[in-house]
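Notes follow once the structure below has been shown.
The values are calculated or read from the model by the stated rules, or taken from the named source; none is laboratory data. Note that the coordinates shown come from a computational prediction; the quantities given were computed from them, not determined experimentally. All Cβ positions, glycine included, derive from the backbone under ideal geometry; neighbour counts span all protein chains shown. Note: accessible area is taken over every heavy atom of the protein model, side chains too, but ligands, DNA and RNA are not part of it. Shrake-Rupley method; radii C 1.70, N 1.55, O 1.52, S 1.80 Å.
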Amino acid sequence: RLTSWLAYLRIVTVASGHDSLNRTAFLSYTRRTGAVAVMLDLAVSYANVSNDRKVKFEKIDDMDALFSGGGAVEISKLAWSVLFRTIEVFPTLAKNWWEMSCPNHFREPIR
C-alpha cells in the first residue's frame, strides 16, 4: 500500500504540472476518500517513532533511489518517504490529519 501511495503521489505531481485543474481534481478526490489520513496512519506506524523522544529519522530518498537497488526496501525508509511526500504534495490535508487524527503517542516524539 505504501508503494502504491507513492506512485499515486507521483501521478498527482506530474498531472498537476501539466494542468492546474488536475491538481484541484486530485485534491478533491483525495479529500473525499480520506486517503491521506489512512496512509499517514499506516506510515507513522511503520516509521521509527518511539515515545522516548529518541527519534531516528531515516534519510528521505527519492522513490527511484529507494527501488534502484533491486533488492528489498526497508519498511521504515518507505514509511518516511510516504510521510515526507504526502506532506509535500498535500500540505493542507496532512496538516488537518496532524491536528485532528494523529495519535498522541506518535505526535509527542515528533514534536
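Modelled with pLDDT of 85 or more and closer than 17 Å to Arg1 by Cα: is that true of Ala43 in this structure? Yes, satisfied.
Taking the criterion of being under 21 Å from Ala25 (Cα atoms) and either part of a helix (DSSP H, G or I) or open to solvent by 20 Å² or more (accessible area, probe 1.4 Å) (or both), the residues of the stretch 83-97 that qualify are Arg85, Thr86, Ile87, Glu88, Val89, Pro91, Thr92, Leu93, Ala94, Lys95, Asn96, Trp97.
Sub-6 Å Cβ pairs linking a first residue in the stretch 2-13 that is closer than 14 Å to Tyr29 by Cα to a second residue that is at pLDDT 90 or above and of a type in the set (D, E, K, R), at least 6 apart or interchain, are Leu9/Arg85, ordered by first then second residue.
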